[in-house]
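The values are calculated or read from the model by the stated rules, or taken from the named source; none is laboratory data. Since the structure is predicted, the reported quantities are computational estimates derived from the model, not experimental observations. No Cβ is skipped: glycine too gets one built from the backbone with ideal geometry, and neighbour counts run over all protein chains shown. Please note that ligands, DNA and RNA were not included when accessible areas were found on the heavy atoms of the full protein model with its side chains. Shrake-Rupley method; radii C 1.70, N 1.55, O 1.52, S 1.80 Å.
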Amino acid sequence: MSTPDPSPHAAEGSLPGSGGDALAARLRAIVGSDGLLVRDDELFVYECDGLTLEACRPTAVVLPETTAQVAAVVRACRAAGVPFVPRGAGTGLSGGAHPVPGSVVIECSRMKKILAVDAENRTAVVQPGVVNADLSDAIQHLGLFYAPDPSSQLACTIGGNVAENSGGPHTLKYGATTDHVLAVEVVMPDGEILRLGSPTGAASGLDLVGAFVGSEGTLGIATEVTVRLTALPEAIETLLVIFPDVVTACRAVGEVIGTGLVPAAMEILDQRTIAAVEDSVYAAGLPRDAGAVLICELDGAAVSLDPQVERIREIARANQASDVRVAEDETQRAQFWKARKGAFGAMGRLAPDLYVHDAVVPRAKLPEVIAQVCEIADRHRLRLSNVFHAGDGNLHPNISFDRRDEDELGRVIQAGGEILAACVAAGGVITGEHGVGVEKRDYLPLVFSEADLDAMRRLRAAFDPDLVCNPGKAFPTTRFCAESNPKARGYDQVPFE
Amino acid sequence: MSEASGAVHSVQAVQQELGADVASMQAPGQELAGQRIELSLRPRDGAELASCLRALSEHEQPVVVTGGCTRMGLGNRLGDVAGVLSTERLSGIVEFDEQDGVLQAMAGTRVSEVAAAVVARGWELPVDPPGGTTTIGGAIATAATGPRRHHYGPLRRSILGLDVVLASGERTRCGGRVVKNVTGYDLAKLYAGSLGTLGVIESAWLRLRPAPEETRTLVAVFASDASGRAFALGLEAARRDSVRAAALVSGAPAAELGAPTGHAAGCVLVVECAGDPGSVARDADWLVAETGARAVPEEARLLGRLRELQGSGRLRARLAVLPSKLSRTLTPLADAGFGVIVYPGAGFVYAVAEDVENAEALATVDAVASDVCADLLIEAIPDEARGARDVFGDPGAAAPLLRSLKERFDPHRILNPGRGQGFR
Amino acid sequence: MKEPIKELASVYQGTLDCVHCGLCLTSCPTYLATGRETSSPRGRVYLMRGAAEGRVELTGLLAEEAHLCLGCRACETACPAGVPYGAMLEETRAVLQASGARTSMAARLERGLLRNVVAHKNRLRAVVGLLGFAQRLGLDRLAARLLPASLRDALALMPRVPSGPDRAPLPETTPAQGERRGRVAFFTGCLMSEVFAPVQQATVRVLAANGFEVVVPAGQGCCGALHAHAGDLEHARGLARHNAAVFGRDDFDAILLDSAGCGAAMREAGHWIPGEGDAMASKVRDVCEFLDAVGLRTPTGRYDARVCYDDPCHLVHGQGVEAAPRRLLRQVPGLELVAHANPTRCCGAAGTYNLTQPEMSAIVLADKMDALCAADPEVIATGNPGCMMQLAKGVAGRGARARVVHPVEILDAAYRTPA
């Protein structure tokens, strides 16, 4: 095994050239040879996460198994003056787990034990590497589930969810990750271990857990998470509503919200998404000729569901829906959801690359914003597909492209900026569940003033005064501004240019 | 420059800078929260609020920040302040999106005013704190809660965005008006419940809930604490989805809610069912059958009286307890003579007392809290006892972090000095 | 734009379908065991793309990972983009083989055995006969002590070889029983026909009992799966060409197999030898899939046992057959089918993997045995010879009670046992 080769990636002296070997030795002493990756081709694989537009090789990757190891790794990095980047399954779409130059990636995938399940109090204590879906699978027999359900839940980890405050289709009714995290054990950026919050979810004093969740790995590394579990609903009805186009589907969703119904989830897939999914292993028999479909799920007491289904039918009909299908059994329901959750990956069928946007607008504005988004994509001659959490107003305009086509890449970036600007103009924000990461950092000024960001920096500085924990994420870079060209934003690291 | 003369000089400087429309000197001898108040600041908009804070920072004049002044006893003992900064004139609903069910209100708007405005349009404000004059800003800053927490969850869940003026006078925004948002740090969580120690809330975007089609309040009287507890603590497991609020009340407060006198050991269960008519009827009928509960007309304001009890007592402790430990929490508190109000769904136990001997009563609360691993918050405590402890509990290893936060958000300690956890 | 390396051109095309979503991660046994992105499907696809683009060495980590990969193709079942991972892996291994990257003693021995013994029926028959003879004398245990570790493991995996008469070749034609429903060809394969002769006899009986005339065409050879997995695509293509000719001589309703690994390979024939392989591939069916599709004749007897069905990777991921064997087993009177935690995850057999990567194979098997032991079956049913051997080894290692059988053996018993 070779020693790390810091020279090509070390920037601004962030990794002391002569200290690289010593750091590697120290890390090896903590996690063993098996838990340390330093070969160039090993590091190559870690150069990006779910966001492939940018890439940067780390100096080393460590795979700790305990909180004590994480703390020791952090202290070793501090001693060597090297920044570190926490990573879960690397499914994030904003580049939150992207290495920064000279950094050590702390990969939590081996910390995957469910430490305790307390069915009576509906809590569980898990290590950060526990896969989201595995937790729900493990407690299903107790009549419980873990409510936040990102579309990547088959792979993404609870630790990553905490970092990004991940949402999912069922956020509409059940809330995002922040509403389900009761307490966190954190390895602080100085290597100290701190417990925030309480299993009761009502710790006295400041809500430090609330501040930590969604901080994109910049305030410390969660090494143990106490989560709230939710009782499985008594009854579930899942409807598939067929619409002539996305705009009518959005209008129906707005009306459902406006009449005071609270479905568990409302998801819209447009025609291009339907086609991609139906070509994939997750095909669910969605009608290919539909302009859009709405998956609407209702849950709760059995006695209250039938009238709600009727209300949805009425609203659907009034909005030109051609058909309302109710899932006949659990198998069909699971199919609908697999189709929805596999949609992003299925886009791989359309083009080599995919840019998944993530913006939120007031729900009443959905129809007009969707129309604008389509106009922007058309104007830039881009292939756009939409699959999104309509009930939350959370859009995912997906642009399929080929990064090897430099001109197209430029148009993708340009259109992306215009889409975000349109969403902000409608009263929205630039990310609803994916996080800012590296992807959106230079768009933050669209939403926040320098004073707003300054307040956030105060929180950051209280936790991480030296800015060593996942630096360069979640805040605008000082070097570039939102108007800068794609290359200045780091896209020059894309191969084949 | 001596501290005393310097302070006088600067208070006047602040007043002069801000002008009589916003700032006024108080008559000698005015007190608030046990502190002498010389200056009263009453900004009318965000810009004036920012000016106030800028001037206070510049002259290093600490203030106590108030909304409706309903919960002035919360937090650790206030340090020396020069004046009061009231948000009461920052009032009004700025925007109410009826289709989306979201609303922006100024911090000084009363909760009751907002609640009435939205109910008229089919929505509901998801917080029901005690205190008729409680403001939106005050409710957020104190993380206020009420019996309906059972259904609403904590208020922080419904805060979409906040406009906050920092101690420096910088006007900042976090969050937004949309219902799902991870753009930037979730600072709203940090401000909510921070008792105005990190910044002053100017306005808030809140997420509303659909108003229920039907609401029914029921009350059941139990002859013994044991039978009442057994039923109330089993409510959650009974999966009655329409239950919006449930409270079990024992001791002195129970009598006020109509527990028959002479029933020393009796307790009262108050339940509010709300939602679609089908499930409300189902659950109400079940309650009647199981407990002999009777429906109470709305005019009886039963929940309102319950909230008043929740905010009563010269000594009042809130224990947040895991469901499995609730039963074990209640007996020793009742035995020690506390009136006890339990929200089983939220896991909150309020122990209230008017006439217990303080040292002993506090020792009981501490012992119970430690036994059941409760999160203890002393909400009310006679002033003489307040200075002797951190009412939030010992912050332990988090103390440096808490100090660092205060230092960075309010370096001159002008906002509610001494109030927060570990800030003493 | 730079052109990708020529040898990896088609692999490169496959990598373009991957959008790096990561849904494959938790389907991958080696990722679960190591937690390393480098040992995940997404990481391996990224390495393939990197190698094609000339950004990483072909013979470095990619070579190691190409062989650490079980080739179970569970990632294909998870992949929404339909990345043809199995085919990309085979081609990558072939390119590595051609580049001389893999020259370990074990690799050369494996390749030699596959080319010179397994691919030749008579030689294989002789070797297996010798092995059975040695087993009966107890010589195998003696030999084990003298052999290198990898071959020792191979011996330990071997089931008891049936004695000569039980390995008698199947009749070339077996008539249908009862109302005739059709005429099918049976592909016997290499190892299956030797070591698992009783399973094949059961298959023929079950097909006949279901009204099918079963033909075993003479001259058929090995399917080439093991060669392809080992990176010897060239030899695999030759075998496929031979079989296409043999089975093309007559018109059958279907070409049936009772070995999942062979079935998956035969279905790939169109991909290996475009055109000539397609006709054969289109008729290939697993015996369980076929029986389920035509409708099983209800067994006359019983099979009283608590049974766990475990999916062979090359059936569930390679051929997409998951429900059919379970539906068949549920129709057997007396049989209690119990679920276990991880039926679709690889058992670690993976062709010759348990010989070439014994450590990882043991880790993967341990996971499988944890799940199976928790369900505590009396019988474990699985439809692939490698899996049968591997699970039998796992059962023995745990001192568990279960017998490992092929699903058709259960059906056969249920037809032959009186009610």
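Brief remarks on what is shown
- Filter pass, A:Asp442 being part of a helix (DSSP H, G or I) and either surrounded by 22 or more Cβ atoms within 10 Å (Cβ to Cβ) or more than 10 Å from chain B (Cβ to nearest Cβ) (or both): yes
- A count restricted to segment C:8-45 and to residues that are open to solvent by 10 Å² or more (accessible area, probe 1.4 Å), among the polar types (S, T, N, Q) and assigned to a loop (DSSP other than H, G, I, E, B) stands at 0.
- Considering residues of segment A:262-318 that are aliphatic (A, V, I, L, M) and open to solvent by 20 Å² or more (accessible area, probe 1.4 Å) only, the residue farthest from B:Ala237 (Cα to Cα): A:Ala275
- Here A:Gly410 passes the criteria (1) of a type outside the set (A, V, I, L, M, F, W, C); (2) crowded, with 18+ Cβ neighbours inside 10 Å; (3) away from every other protein chain (no Cβ under 14 Å); (4) within 30 Å of C:Glu3 (Cα to Cα) except the one numbered (2).
- When each of A:Gly159, A:Gly167 is tested for being open to solvent by less than 30 Å² (accessible area, probe 1.4 Å), modelled with pLDDT under 95 and closer than 27 Å to A:Pro476 by Cβ, the lone residue that passes is A:Gly167.
- Neighbours by Cβ (under 8 Å, 6+ apart or cross-chain): first from segment B:343-356, on the phi > 0 side of the Ramachandran plot and within 11 Å of another protein chain (Cβ to nearest Cβ); second open to solvent by less than 10 Å² (accessible area, probe 1.4 Å) and not in a loop (DSSP other than H, G, I, E, B): B:Gly347/B:Ala320; B:Gly347/B:Leu326
- Residue list for segment B:296-338, restricted to those being part of a loop (DSSP other than H, G, I, E, B), open to solvent by 50 Å² or more (accessible area, probe 1.4 Å) and farther than 17 Å from B:Gly132 by Cβ: B:Pro297, B:Arg314, B:Gly337
- Only one entry in A:Arg122, A:Arg39 is open to solvent by 10 Å² or more (accessible area, probe 1.4 Å) and within 12 Å of chain C (Cβ to nearest Cβ), namely A:Arg39.
- Segment B:221-236, subset under 27 Å from the mean Cα position of the chain (by Cα) and of a type in the set (A, V, I, L, M, F, W, C), residue most open to solvent (accessible area, probe 1.4 Å): B:Leu233
- For segment C:46-84, filtering for residues that are within 12 Å of another protein chain (Cβ to nearest Cβ), farther than 17 Å from C:Ala98 by Cα, within 23 Å of the chain's Cα centre (by Cα) and part of a helix (DSSP H, G or I) leaves 5.
- Residues in segment B:357-389 that are open to solvent by 40 Å² or more (accessible area, probe 1.4 Å) and under 18 Å from B:Ala252 (Cβ atoms) were compared, and the one that is modelled with the lowest pLDDT is B:Glu357.
- Flag for C:Leu239 being within 30 Å of C:Glu64 (Cβ to Cβ), at pLDDT below 90 and of a type in the set (A, V, I, L, M): no
- Some residue of segment C:390-401 being open to solvent by 10 Å² or more (accessible area, probe 1.4 Å) and of a type in the set (S, T, N, Q): no
- Test result for B:Val221, over 30 Å from B:Leu303 (Cβ atoms) and of a type in the set (A, V, I, L, M): no
- Complete set of residues in segment A:48-72 that are under 23 Å from A:Val225 (Cα atoms) and of a type in the set (Asp, Glu): A:Asp49, A:Glu65
- Strands (runs of 3 or more DSSP E) within segment C:203-293 that include 2 or more residues in contact (Cβ under 8 Å) with a residue 24 or more places away in the chain and in contact with an Asp or Glu (Cβ under 9 Å, 6 or more places away or on another chain): C:212-215, C:254-257
- Qualifying residue in segment C:317-330 (condition: over 24 Å from C:Val204 (Cα atoms) and either open to solvent by less than 30 Å² (accessible area, probe 1.4 Å) or outside any loop (DSSP other than H, G, I, E, B) (or both)): yes
- Residue check, B:Val349 assigned to a helix (DSSP H, G or I), under 27 Å from B:Ala255 (Cα atoms) and open to solvent by less than 40 Å² (accessible area, probe 1.4 Å): no
- Subset of segment B:92-115 (residues that are without any contact (Cβ under 8 Å) to a residue 40 or more places away in the chain, under 25 Å from B:Leu53 (Cβ atoms) and either part of a loop (DSSP other than H, G, I, E, B) or of a type in the set (S, T, N, Q) (or both)): B:Gly92, B:Thr109
- Hey, A:Arg349 in contact with a His (Cβ under 7 Å, 6 or more places away or on another chain) and either among the basic types (Lys, Arg) or over 21 Å from A:Ala474 (Cα atoms) (or both) or not: no
- Qualifying residues in segment A:92-113 (those that are within 14 Å of chain C (Cβ to nearest Cβ) and in contact with a helix residue (DSSP H, G or I) (Cβ under 7 Å, 6 or more places away or on another chain)) - the one most open to solvent (accessible area, probe 1.4 Å): A:Gly92
- The residue that is farthest from the other protein chains (Cβ to nearest Cβ), among those in segment A:178-194 that are assigned to a helix (DSSP H, G or I) and not polar (S, T, N, Q), is A:His180.
- Comparison of B:Ala334, B:Ala367 shows that the only residue that is without any contact (Cβ under 8 Å) to a residue 40 or more places away in the chain and either closer than 19 Å to A:Thr123 by Cα or away from every other protein chain (no Cβ under 11 Å) (or both) is B:Ala367.
- Those helices (runs of 4 or more DSSP H) lying entirely in segment A:195-292 with at least 2 residues within 30 Å of A:Val303 (Cα to Cα) and more than 8 Å from chain B (Cβ to nearest Cβ): A:246-258
- All of (1) modelled with pLDDT of 95 or more; (2) touching an Asp or Glu at 6+ places or on another chain (Cβ under 6 Å) hold for A:Leu239 with one exception: (2).
- Screening segment B:237-250 for residues that are surrounded by 24 or more Cβ atoms within 10 Å (Cβ to Cβ) and either assigned to a helix (DSSP H, G or I) or not aliphatic (A, V, I, L, M) (or both) and picking the one that is farthest from the other protein chains (Cβ to nearest Cβ) gives B:Ser250.
- Pair list, Cβ under 7 Å, 6 or more apart: segment B:381-400 residue more than 9 Å from chain A (Cβ to nearest Cβ) and within 27 Å of B:Ser312 (Cβ to Cβ), other residue surrounded by 11 or more Cβ atoms within 10 Å (Cβ to Cβ) and among the β-branched types (Val, Ile, Thr): B:Ile381/B:Val391
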